[in-house]
Each structure stands twice: as C-alpha cells, then as structure tokens.
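Note sheet for the following structure.
The values are calculated or read from the model by the stated rules, or taken from the named source; none is laboratory data. Just so it is clear, the structure is predicted and the values come from calculations on it, not from any experiment. Positions of Cβ are backbone-derived with ideal geometry, glycine not excepted, and every protein chain shown enters the neighbour counts.
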C-alpha cells in the first residue's frame, strides 16, 4: 500500500473507533444520568417504546427524572399518576381521520370534547388534534376552511375547560415507515398550520411543534420557534433522518434548539418521540433526556 493509503486507512479506523467509543460512552454515562436542570419540562411518548408496558416505561421515567408521559392508553393513567407522573397530552381522533372533510366533523368534534373532559379529569393541559389525510380530491382552500370551521365549533368548549387544542404538523415526505412520515397528510406545512390556528382565533388553539417533522418539511427550526412562539402549545423531538435517537448520527443539534425554546419563555412540555434503535431503549431515553436538560 502507498503511504497515503495507509494514512487514510488509519484515519478511517481512528474515526470509526472514536465514533463507537462516543456511542459506548454516551450509553454508559446514561446509566447514571438523572435530570437536574429541569428547565425543559420533559415527557415521553409511550407508543415509541412498544412493546414495553406503559407502567414499566413510567418507572424508568421516574428514575431518569422525566416528570410526564403521553401517547399511552387512558386505562394506564391511574397507574402512571400513582407513580408521580403527569399526563402531558391526551390523544384524540388520530392523524388519518380529521376535519378536512365535512362528513367527519360530527365525530371529530364529539371526540375532541370527550378528550377535553378526560384532560380535565387527569389535569392534563392539552388535547391533540390533526387535519387528517387527503383521501379523495378536495380543493385546498375548502379543506382549510373545513378544518377551521370544525375547530371553531369545539374551541369554545376548550376555553371554558381551560384546555388547549394543539394541532400537530406532520411530514408527508418520508414514506419509509408508517410512523416516520405520513404521505397525504393535509397539515404538512407548518406555516399553513399556523395560519389555520390564527384563523380559529382562540388562545386555546395552539400548534404542536414537532421538531423532527418541521425539520423535514420546512427547516429553519430555531427561527420558526421564535417566529411562532405565541402559538406553540407543545413540542415533540426525534432525530432526523430516521426518527431515531437524539445522538450524533442525525442532523438536528438539539441543545441550541432547547435553549431557543427556553428563550421564548415557553413553560410547557417537550416530549421525546423518537423510535429507539439502540440495543438498550432505556439508555437511549436517558441519553435524550440528558441532551435536552440544558
């Protein structure tokens, strides 16, 4: 081998070794980390850790210092609250079925009101809502107005109960996995989502700013956090590409994102919604908690 080839090979080996060491040391240090700053009020999305039972995940949250959980069946609420966790977000009608079509309105509104009552009962601040998927031809302006009209019919109830409706923006770009992207989702432009929220015209209608989805569809994450700070009611995280851990294999630099969130005065929840790829999913969660504990 030529000298330069030897040097290239050695450099590549050192880089690979350093990368492996970083991943190993991160996982190793995570075994001892517990949230201490707690300026970011973290939560965890339960579905990402399936098939881990909700109560088992909740116990790990307690050990890590994560104060809340979401994305679990309401039947598990009493058990996780008994462990000392809060419910950070109540699920509702799902992302596929939404108010873009008038024929869905009655069911969407009924579901949202029911989940608002549940949120009150468990002292949760927010209920999630979605636009739904475009499953048959519809004019964009018509679909937009349909969404606004439906939310206007329920947001007064949310105001009365002091609960936020949070509209989640989702990416329609990634078609590799049913929960990594949502082709056909109408609310795939975060700027458009905010315009719909503004049109509803209620302090109880907010944006669920999912950093992963915004990065894929719109980018310029920190600028948008600052731009839409008055409309954001909840945050989700995940690494991109792949919706994996918040580690050095992905492109989003989460510590400055978290600091930007704090600078806006936000005091709500930031939920970890990555799909674990590490051998130990609890170590991955502990690592994500550490990354966001700025």
- [ ] For segment 145-174, name all the residues that are farther than 16 Å from residue 109 by Cβ and either out of contact with any strand residue (DSSP E or B) (no Cβ under 9 Å at 6 or more places or on another chain) or modelled with pLDDT under 95 (or both).
- [x] 162, 173, 174
Open item on the list: Cβ contacts < 8 Å: first residue free of Cβ contacts under 8 Å to residues at least 24 places away in the same chain, restricted to segment 87-104; second residue in a loop (DSSP other than H, G, I, E, B) and crowded, with 22+ Cβ neighbours inside 10 Å, any location; separation 6+ or different chain. Result?
Closed with: none
Open item on the list: Looking at segment 218-244 only, could you name the residues that are under 21 Å from residue 47 (Cβ atoms) and in contact with a helix residue (DSSP H, G or I) (Cβ under 9 Å, 6 or more places away or on another chain)?
Closed with: 235, 236, 237, 238, 239, 240, 241, 243, 244
- [ ] Among what's in segment 235-253 and is outside any loop (DSSP other than H, G, I, E, B) and without any contact (Cβ under 8 Å) to a residue 40 or more places away in the chain, pick the residue that is surrounded by the fewest Cβ atoms within 10 Å (Cβ to Cβ).
- [x] 244
- [ ] Among residues belonging to segment 257-286 that are free of Cβ contacts under 8 Å to residues at least 40 places away in the same chain and touching a helix residue (DSSP H, G or I) at 6+ places or on another chain (Cβ under 7 Å), point out the one that is surrounded by the most Cβ atoms within 10 Å (Cβ to Cβ).
- [x] 260
TODO: Could you give me the residue pairs with C-beta distances under 8 Å whose first residue belongs to segment 200-221 and is farther than 13 Å from residue 234 by Cα, whose second residue is assigned to a strand (DSSP E or B) wherever it lies, and which are 6+ apart or on separate chains?
DONE: 212/236; 212/237; 212/239; 213/168; 213/236
- [ ] Hey, could you check segment 160-185 for residues that are in a loop (DSSP other than H, G, I, E, B) and touching a helix residue (DSSP H, G or I) at 6+ places or on another chain (Cβ under 6 Å) and say which is surrounded by the fewest Cβ atoms within 10 Å (Cβ to Cβ)?
- [x] 173
